[in-house]
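Read the figures in this text as sums done on the coordinates, not as results from a lab. This is a predicted model, so every value here is computed, not measured. Cβ atoms come from the backbone with ideal geometry, glycine included; neighbour counts cover every protein chain shown.
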Ligand code: COS
């Protein structure tokens with residue numbers, strides 16, 4: 001972290017720098033020694049959630065009156081980069097909890113909702129999840145089929161959610177529901193806060209995945225779940241735009257996750273090239289590998305600039321949807337190239353669990369899929385550039 005690398009070129013405040021040092025130390029001391037085991041044993045990072053609550057990371061950018069730390073969004077992104085540098089399982093758990101569950105409550109919640117739901121989420125006493133995706137509504141997020149029909153002072157919710165990060169452990173879910181089924185796609189959708197302990201909520205299945213095997217990704221069934229009407233988040237029938245905005249923040253988080261994973265694989269590659277010899281020479285003396293490392297470094301620095309540009313724009317209250325999409329698209333694709341090259345640099349050792357780069361590569365793949373697949377992000381970026389012309393309207 002010198003003055004001449006991109007960390008030195010980004011306008012971090014003293015608070016940001018201190019936070020990076022604190023999180024880096026925490027990640028190296030506590031998360032790194034547990035990272036292999038979480039993946040191999042498919043263990044949810046319960047300890048990390050507790051520790052991150054104590055460190056004030058879970059509620060990093062939410063007001064202190066709701067249990068948060070009163071810092072800005074950039075601090076959350078710094079935390080995401082540093083945590084993912086050593087442990088993607090902890091990183092994905094963190095971003096789903098904070099940027100997808102806490103953020104919409106903090107942004108749209110009434111005073112009562114914020115006071116009730118945010119403090120236990122900020123401390124880690126409760127875990128949060130985001131119930132957007134469904135069997136037929138992943139990339140096609142407007143195709144929500146879960147219904148919430150108003151009945152007196154509550155909604156009766158029926159449907160199924162899929163690919164829900166933290167599903168098994170979560171106590172609080174912010175969910176998309178169709179409150180007006182007579183309206184077409186993307187319309188008549190609302191956001192509801194669902195207490196996962198309500199009768200009728202179940203998590204029948206947790207997926208067995210390629211990577212992020214310590215994080216729980218589950219199906220959530222909602223069978224005649226009675227949710228109090230006071231749990232409506234924001235205005236009824238306007239939830240789709242709300243969720244899209246939540247995802248914009250989440251996409252910067254996944255961009256930072258990809259960046260951290262790539263950085264972790266890069267640092268391991270540098271260390272390995274300085275110690276491993278082939279043909280009586282250090283790997284660092286082989287030009288082919290020097291070039292590969294140079295490409296990794298260049299792409300990671302570019303990804304870092306995109307990720308922090310989006311983070312600073314969001315923190316400043318500027319529109320940042322296109323920049324978030326660019327940051328996630330680029331950083332996740334860089335992470336795939338960098339982690340694959342890290343395995344190649346490590347040779348046979350890179351294919352083993354011990355050297356960790358195979359895990360980082362498996363974990364990184366999620367970043368090109370979740371919270372907007374690369375193809376969706378290209379659509380989002382193109383639509384912002386071309387406007388209504390993408391719908392066939394000239395002008
Ligand atoms: N902020 C506010 N409103 C938004 C918005 C945003 N970022 N994006 C879209 N909207 C609004 C549009 O303005 C439109 O409103 P009107 O109907 O009033 O004009 C409405 O939402 C529908 O938008 P659009 O026509 O663009 O919907 P589409 O179904 O064509 O496409 C995409 C929407 C594909 C961009 C969206 O579904 C998407 O982002 N999908 C990926 C979702 C995702 O990331 N899933 C993974 C979840 S993992 S947690």
Open item on the list: Under 8 Å for C-alpha pairs, at least 6 residues apart: give me the relative contact order for the chain, rounded to a whole percent.
Closed with: 16
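Taking the mean number of other Cβ atoms within 10 Å as a proxy for protection, how do you rank 245-257, 281-293 from highest to lowest? It would help to have the intermediate numbers written out before the result.
Values: 245-257: 28.2, 281-293: 14.4.
Descending mean neighbour count gives 245-257, 281-293.
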Task: the stretch 22-46 and the stretch 315-359: distance between their alpha carbon centers, rounded to Å - done: 18
- [ ] Run the quick spin-label model on residue 267 and residue 111: label points 7 Å from Cα toward the beta carbon, then report their separation in nm to one decimal.
- [x] 4.5
Open item on the list: If packing is taken as the average number of other Cβ atoms within 10 Å across a peptide's residues, how do 270-280, 72-82, 165-175, 311-321 rank, most packed first?
Closed with: 72-82, 165-175, 311-321, 270-280
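Between rounded, prolate and oblate, where does the stretch 14-127 land on the alpha carbon gyration tensor, with a ≥ b ≥ c its root eigenvalues, rounded for a/c under 1.5, else prolate if a/b exceeds b/c?
Values: a/c = 2.28, a/b = 1.46, b/c = 1.56.
Oblate, because a/c is 1.5 or more while a/b does not exceed b/c.
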TODO: With everything on Cα atoms, drop me the angle between helix 111-123 and the longest principal axis of the chain, reported from 0 to 90° to the nearest 10.
DONE: 30
Task: Mean projected area (nm²) of the alpha-carbon convex hull when the stretch 240-386 is viewed from all directions - done: 9.4
Open item on the list: Could you work out how much longer the chain between residue 28 and residue 279 gets when fully extended? Use 0.36 nm per residue separation minus the Cα distance between them, nm to one decimal.
Closed with: 87.1 nm
Open item on the list: Just to check, using Stokes-Einstein with a Kirkwood Rh over alpha carbon pairs, what's the diffusion coefficient of the chain at 10 °C and 1.306 mPa s in µm²/s?
Closed with: 74
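Provide 176, 217, 238 in ascending order of the number of other Cβ atoms located within 10 Å of each residue's Cβ, fewest first. Intermediate results must be reported in sequence, preceding the final value.
Values: 176 28, 217 24, 238 15.
Starting with the residue having the fewest Cβ neighbours, the order is 238, 217, 176.
Applying a 10 Å radius around every beta-carbon, put 97-104, 361-368 in order of their mean neighbour count, most first. Can you show the working numbers first?
Numbers: 97-104: 27.4, 361-368: 24.2.
Highest-to-lowest ranking by the protection proxy: 97-104, 361-368.
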Open item on the list: Rounding to the nearest 10 and keeping the result within 0 to 90°, find how far the Cα-based axis of helix 287-315 lies from the longest principal axis of the chain.
Closed with: 30
